[in-house]
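The values are calculated or read from the model by the stated rules, or taken from the named source; none is laboratory data. The structure presented is a predicted model; accordingly, all values stated were derived computationally and were not measured. With ideal geometry, Cβ positions are generated from the backbone for all residues, glycine too; neighbour counts draw on all protein chains shown. Just the protein is used for accessible areas: all its heavy atoms, side chains included, with ligands, DNA and RNA removed. Shrake-Rupley method; radii C 1.70, N 1.55, O 1.52, S 1.80 Å.
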Amino acid sequence: MGYSSATVVFLLLVVIPLSTATLDSHYYNKSCPQAEHIIAETIRNASLHDPKVPARLLRMFFHDCFVRGCDASILVDSTPGNKAEKDGPPNISIRSFYVIEEAKAKLEKACPRTVSCADIIAVAARDVVTQSGGPKWEVLKGRKDGKISKASETKSNLPAPTFNITQLIQSFAKRGLEIKDLVALSGGHTLGFSHCSSFESRLHKFTSKLDVDPTLNSAFAESLKKSCPKHRNSSAGQSLDTTSSKFDNDYYKQIVAGKGVFGSDQSLLKDYRTKWIVESFAREEKFFFKEFAASMVKLGNVGVKSDVDGEVRLKCNAVNH
């Protein structure tokens, strides 16, 4: 769930319910039995050429599902008459759309008009986790692609890296996700990198009386200041844990040590409702993997479109005409 904006956004959200559409892990067994193999190979090849791909695709899944549900609306290009989600402020730094487009092009050749872009993102999110050393789970499939994508809906629906625990719990609850899901899915930050803009407010003039967020480990705060000086280039930033290309439980170990990069990360340790889960995940990686997989399945059910309100796009970056 990496973020690109450090602006505090108070939640004025429309509830996105868990799906009423019927999803099935065997959905393409007859219509496109090679679908998952095609997606996995595309992801693997892309990741070999660009090691940033896994973190980007996992983040893409989160950002898609939190706005209008898991319907691939994040893939739609803006048009002269509509600024789409991918151009909303929190999504400007999302990359690697080409990987999903490449998988879609291969699937259209193998099984025309069959596999939705929303399902490709869901399968890709699982594959990047598994290929990075994380758990594997059966992805439920049968989503349809949404027909609406609006940049204006991104900022109010995506949790910001400055959110406190109450805001985080509310944001997840509006999608039918529980506190355990919040803590488990936050573990997706074990893959990836953040630009300084998403956490620099913790380092400089945090409050009128404090320059640095007191929940930050002091030595870690100094290292972040070196990574993110006041005058820096736009690419400067920080990995979100010490093993940012490996899916593991190091993210939670860093939070316990006061080294959560985002304020929202560190807030998970400050509340009794989430602290014990963070500490449990830090101690036992297998427990984290089990709960992360279960929460990813649950997230994948949020706001799923059916044939009534969705379609199978021919190209992921544009709705069908």
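Brief remarks follow.
- Within segment 264-295, the set of residues being assigned to a helix (DSSP H, G or I), in contact with a helix residue (DSSP H, G or I) (Cβ under 8 Å, 6 or more places away or on another chain) and open to solvent by 30 Å² or more (accessible area, probe 1.4 Å) comprises Arg273, Glu279, Phe287, Ala294.
- Each residue in segment 218-247 was checked for being of a type outside the set (Val, Ile, Thr), open to solvent by less than 50 Å² (accessible area, probe 1.4 Å) and either within 27 Å of Ser132 (Cβ to Cβ) or touching a Pro at 6+ places or on another chain (Cβ under 8 Å) (or both), and 13 pass.
Table: residues versus (1) part of a helix (DSSP H, G or I); (2) in contact (Cβ under 8 Å) with a residue 12 or more places away in the chain.
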residue: Lys180; (1), (2): yes, yes
residue: Ala219; (1), (2): yes, no
residue: Glu222; (1), (2): yes, no
residue: Ser235; (1), (2): no, yes
residue: Asp241; (1), (2): no, yes
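- Residues in segment 32-88 that are polar (S, T, N, Q) and not in a helix (DSSP H, G or I): Gln34, Ser78, Thr79, Asn82.
- Candidates in segment 180-217 are the residues that are open to solvent by 50 Å² or more (accessible area, probe 1.4 Å) and of a type in the set (D, E, K, R); of these, the one that is nearest to Asp241 (Cα to Cα) is Glu200.
- Residue that is farthest from Ala318 (Cα to Cα), among those in segment 144-179 that are among the basic types (Lys, Arg) and open to solvent by 10 Å² or more (accessible area, probe 1.4 Å): Lys174
- Here Lys298 fulfils each of the conditions (1) in a loop (DSSP other than H, G, I, E, B); (2) surrounded by fewer than 22 Cβ atoms within 10 Å (Cβ to Cβ) apart from (1).
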